[in-house]
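Report on one structure; see the data block that follows.
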Amino acid sequence: MFHCFRMVVLQLLSLSVNILCLVQKLPQIIRIYQTKNVNSISISSVLLEETAYTIMLTYNLWKNYPLSVFFEYIFLFLQDVLLLYALAKYSRNDKDKQTDRSKPYYGILIFCLYLLASLMGFIPPTWMNLSTIFVIPISASSKILQLRTILTNKSVGQVSRTGWAIAAYGSFARIITNLYETQDMKMVVNLLISFILNTSIVIACTIYSQEERASKSTDEQRKKTT
């Protein structure tokens, strides 16, 4: 009885993550296209995040894990490609940002070539096993960079809190499913760190968005009084 209940819960968690991952990055992408602005979004953070997604996607495919365990990485990989394109398109065209505009394009090319090479079996098994060790620091660094950008700017800018909230839930759900289905502790540790940092970004977005609304409200009141 308990076994059946546990399987149902795990399937529901996997299903919810798979559904949410289809739209996890869309709020961020749509927001950029609507505002044509990438303020407070760290390009380096997205590049590192896509690196982690690429490694995890190729690792899971190589290990022949059940699709339910890593289904979301397929869509997260594709959505980050779209996000990188949007960042390249709408980054400011000045000397300080000129180099940054080329980084997303090079990143997209490298990520796609690595995935293709993995699918064709050109990546050595030794590296496939070793690569997951780097996912934890890479993934953590990407989130720390984004968090630092928000804190430095003291502004949410165009960062989507909804997308990061979905990411936090996805990390939490995958911790549970991996503990029961794969017992792969490397993946569990990576997901735990991701959950903590994703939640931190959500909290930062909440705090600064409230401050920005309060500031706008104060400015509007001042205009009315004058």
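Among the residues in region 187-210, are any more than 17 Å from Ala140 (Cα to Cα), buried (at least 22 other Cβ atoms within 10 Å of the Cβ), modelled with pLDDT of 90 or more and among the hydrophobic types (A, V, I, L, M, F, W, C)?
First pass over region 187-210, keeping only residues more than 17 Å from Ala140 (Cα to Cα): 205-210.
Restricting the remaining residues to those that are buried (at least 22 other Cβ atoms within 10 Å of the Cβ) gives 205.
If we keep only those that are modelled with pLDDT of 90 or more too, we end up with 205.
Imposing the further condition that a residue be among the hydrophobic types (A, V, I, L, M, F, W, C) reduces the set to 205.
Yes, the conditions are met somewhere in region 187-210.
Pick out the one residue from Gln146, Gln183, Gln221 that is closer than 20 Å to Leu76 by Cα and either modelled with pLDDT of 85 or more or open to solvent by 80 Å² or more (accessible area, probe 1.4 Å) (or both).
Exactly one of Gln146, Gln183, Gln221 is closer than 20 Å to Leu76 by Cα and either modelled with pLDDT of 85 or more or open to solvent by 80 Å² or more (accessible area, probe 1.4 Å) (or both), namely Gln146.
Based on this model, can you work out whether Glu49 counts as crowded, with 19+ Cβ neighbours inside 10 Å, at negative phi, at pLDDT 90 or above and among the charged types (D, E, K, R)?
For Glu49, the condition - crowded, with 19+ Cβ neighbours inside 10 Å, at negative phi, at pLDDT 90 or above and among the charged types (D, E, K, R) - is met.
Read through the list (1) touching a Gly at 6+ places or on another chain (Cβ under 8 Å); (2) open to solvent by 60 Å² or more (accessible area, probe 1.4 Å), then give the number of the only condition that Ile41 fails.
Ile41 satisfies every listed condition except (2).
Could you check region 149-158 and list, in sequence order, the residues that are in contact (Cβ under 8 Å) with a residue 60 or more places away in the chain and assigned to a helix (DSSP H, G or I)? So that I can check it myself, show each step before the final result.
Within region 149-158, the first condition is being in contact (Cβ under 8 Å) with a residue 60 or more places away in the chain, and the residues that meet it are 149-150, 153, 155-158.
Thr149, Ile150, Asn153, listed by residue number.
I'm told Arg92 meets every condition in (1) of a type in the set (D, E, K, R); (2) at pLDDT below 90; (3) assigned to a helix (DSSP H, G or I) except one. Can you identify the failing condition by its number?
(3)
Does region 133-144 contain any residue that is part of a loop (DSSP other than H, G, I, E, B), among the polar types (S, T, N, Q), within 25 Å of Ile19 (Cα to Cα) and touching a residue at least 40 places away in the same chain (Cβ under 8 Å)?
Within region 133-144, not a single residue is part of a loop (DSSP other than H, G, I, E, B), among the polar types (S, T, N, Q), within 25 Å of Ile19 (Cα to Cα) and touching a residue at least 40 places away in the same chain (Cβ under 8 Å).
I'd like the residue in region 61-89 that is touching a Leu at 6+ places or on another chain (Cβ under 9 Å), over 29 Å from Asn37 (Cα atoms) and not aromatic (Phe, Trp, Tyr) and, out of all such residues, is modelled with the highest pLDDT.
Leu61
The values are calculated or read from the model by the stated rules, or taken from the named source; none is laboratory data. Since the model is a prediction, treat every value here as computed from it, not as a measurement. Virtual Cβ from ideal backbone geometry, glycine too; neighbours counted across all protein chains shown. Surface areas here come from the heavy atoms of the whole protein model, side chains and all, with no ligands, DNA or RNA. Shrake-Rupley method; radii C 1.70, N 1.55, O 1.52, S 1.80 Å.
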